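Chemist: Before we start, here is the structure in question, set down as structure tokens.
The values are calculated or read from the model by the stated rules, or taken from the named source; none is laboratory data. Quantities reported herein were computed from a predicted structural model and do not represent experimental measurements. Here the Cβ is made from the backbone with ideal geometry for all residues, glycine too, and neighbour counts use every protein chain on show. We work out accessible area using only protein heavy atoms, side chains counted, and drop any ligands, DNA or RNA first. Shrake-Rupley method; radii C 1.70, N 1.55, O 1.52, S 1.80 Å.
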Amino acid sequence: MGQVLGGRYRLLGPIGTGASATVYLADDVVLRRRVAVKVLHAALADDAAFLKRFQAEAQAAAALNHPHVMGVHDWGQGDVPYLVTELLGGGSLRAMLDLGQPLDPAQVREIGIEAARGLDYAHRRGFVHRDIKPANLLFDDEGRLRIADFGLARALAEAAWTEPMGAVLGTARYASPEQAQGRPLDGRSDVYSLALVLVEALTGEVPFTADTTLGTLMARVGHPLPIPDEAGPLTAALAAAGHDDPAERPDAGSFATL
């Protein structure tokens, strides 16, 4: 604590951790504001392929400006690579679901529309997120949804970074069938992952979850997303987004209007 990154960002304390990074509350001592700093794990600092991709992706992600995409303020590659983002005070969808109370269809619809609008904006600018999951869907103080980590998942994937247990990063529980098969991805892969997230929000369970990473990945290949009874008026939209063939899925802009 107290370390200053890039001569500017003083780390105050950790506020979250994941497979690839720890997130800190920090002071921007130049602009005198609070920010979030995602400090990537030290092993990545020695990965030249990752650092090259990280620089390109961080610069591109910083250009994204949309109400439903978390803002990237800065990035750096000192002793460890890091991203500086806006500080959001409303928690994550993951934290909401961990309370054990499923959401109702109206709440899920609102989350789905806001996430799809953010995805559509990014997809039209050439970004595929690759890691849509509840932990990457954050909320600001007014409850507006923001999608986090655009660009980071791609940098990690292209550097072949793996989690400690050996699972390819891009949480397997939310991977699309084409992602599971290692096929080329476009924005419709994110739409499928979002559909999985929305079903989990309705039921508390992620469809197709198996005992192993490989089992989870392969269970959804060749099978449409099962739509729970709880979906009610969302059934048709979720069924379209959960088609196992990406050619049959709506893009994010269309999904937002279903």
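Chemist: So which residues in region 124-157 are open to solvent by less than 40 Å² (accessible area, probe 1.4 Å) and among the charged types (D, E, K, R)?
Modeler: Scanning region 124-157 gives Asp131, Asp140, Arg146, Asp149.
Chemist: State yes or no: is Gly78 open to solvent by 20 Å² or more (accessible area, probe 1.4 Å), in contact (Cβ under 8 Å) with a residue 40 or more places away in the chain and of a type outside the set (A, V, I, L, M)?
Modeler: yes
Chemist: Using the structure shown, decide if Tyr121 is buried (at least 16 other Cβ atoms within 10 Å of the Cβ) and at pLDDT 95 or above. If you could, list the steps in order and put the result at the bottom.
Modeler: Values: buried (at least 16 other Cβ atoms within 10 Å of the Cβ): yes; at pLDDT 95 or above: yes.
Criteria met by Tyr121.
Chemist: Another question, if that's okay. Only residues in region 210-238 that are under 15 Å from Leu196 (Cα atoms) count as the first member; pair them with residues that are open to solvent by 80 Å² or more (accessible area, probe 1.4 Å), Cβ under 7 angstrom, at least 6 apart or cross-chain, and list the lot.
Modeler: So the pair list comes out as Thr216/Arg173; Val221/Gln181; Leu234/Arg109; Ala236/Leu258; Ala237/Leu258.
Chemist: Right, next: Given the structure, is Arg173 in contact with a helix residue (DSSP H, G or I) (Cβ under 7 Å, 6 or more places away or on another chain), at pLDDT below 85 and assigned to a helix (DSSP H, G or I)? Steps first, please.
Modeler: Details: in contact with a helix residue (DSSP H, G or I) (Cβ under 7 Å, 6 or more places away or on another chain): yes; at pLDDT below 85: no; assigned to a helix (DSSP H, G or I): yes.
No; evaluated as a whole, the condition is false for this residue.
Chemist: Give the residue that is surrounded by the fewest Cβ atoms within 10 Å (Cβ to Cβ), with candidates limited to residues of region 88-118 that are among the aliphatic types (A, V, I, L, M), over 16 Å from the mean Cα position of the chain (by Cα) and outside any helix (DSSP H, G or I). Give the derivation first.
Modeler: Step one: list which residues in region 88-118 are among the aliphatic types (A, V, I, L, M), which gives 88, 93, 95-97, 99, 103, 106, 108, 111, 113, 115-116.
Checking the rest, the ones that are also over 16 Å from the mean Cα position of the chain (by Cα) come to 99, 103, 106, 108.
Now narrow it down to the ones that are outside any helix (DSSP H, G or I): 99, 103.
Working: Leu99: 7, Leu103: 20.
The qualifying residue surrounded by the fewest Cβ atoms within 10 Å (Cβ to Cβ) is Leu99.
Chemist: Which condition breaks for Ala36 when tested against (1) farther than 17 Å from Asp141 by Cα; (2) among the small types (Gly, Ala, Ser); (3) not in a loop (DSSP other than H, G, I, E, B)?
Modeler: (1)
Chemist: Filtering region 119-152 down to residues that are assigned to a loop (DSSP other than H, G, I, E, B) and of a type in the set (Lys, Arg), which residue is nearest to Leu51 (Cα to Cα)?
Modeler: Arg130
Chemist: Mind counting the residues in region 72-83 that are among the aliphatic types (A, V, I, L, M) and more than 16 Å from the chain's Cα centre (by Cα)? Even if it seems obvious, please write down each step before you answer.
Modeler: Within region 72-83, the first condition is being among the aliphatic types (A, V, I, L, M), and the residues that meet it are 72, 80, 83.
Among the residues that remain, those that are also more than 16 Å from the chain's Cα centre (by Cα) are: 80.
Residues meeting the conditions: 1.
Chemist: How about region 29-42: which of its residues are crowded, with 16+ Cβ neighbours inside 10 Å and under 17 Å from Asp74 (Cα atoms)?
Modeler: First, pick out the residues of region 29-42 that are crowded, with 16+ Cβ neighbours inside 10 Å: 35-41.
Result: Val35, Ala36, Val37, Lys38, Val39, Leu40.
Chemist: Then there is this: From the residues in region 231-245 that are part of a helix (DSSP H, G or I) and farther than 16 Å from Ala116 by Cα, which one is most open to solvent (accessible area, probe 1.4 Å)?
Modeler: Per the stated criteria, the residue is Pro233.
Chemist: Return the only residue of Ala45, Ala26 being without any contact (Cβ under 8 Å) to a residue 60 or more places away in the chain, open to solvent by less than 40 Å² (accessible area, probe 1.4 Å) and assigned to a helix (DSSP H, G or I). It would help to see each step written out before you state the result.
Modeler: Working: Ala26 fails: assigned to a helix (DSSP H, G or I).
Being without any contact (Cβ under 8 Å) to a residue 60 or more places away in the chain, open to solvent by less than 40 Å² (accessible area, probe 1.4 Å) and assigned to a helix (DSSP H, G or I) holds for just one of Ala45, Ala26, which is Ala45.
Residue-wise test of (1) in contact with a Pro (Cβ under 9 Å, 6 or more places away or on another chain); (2) surrounded by fewer than 16 Cβ atoms within 10 Å (Cβ to Cβ); (3) among the aromatic types (Phe, Trp, Tyr); (4) within 21 Å of Arg154 (Cα to Cα).
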{"site": "Arg183", "(1), (2), (3), (4)": "yes, yes, no, yes"}
{"site": "Leu194", "(1), (2), (3), (4)": "no, no, no, yes"}
{"site": "Asp211", "(1), (2), (3), (4)": "no, yes, no, no"}
{"site": "His223", "(1), (2), (3), (4)": "yes, yes, no, no"}
{"site": "Asp229", "(1), (2), (3), (4)": "no, yes, no, no"}
{"site": "Thr257", "(1), (2), (3), (4)": "yes, yes, no, no"}
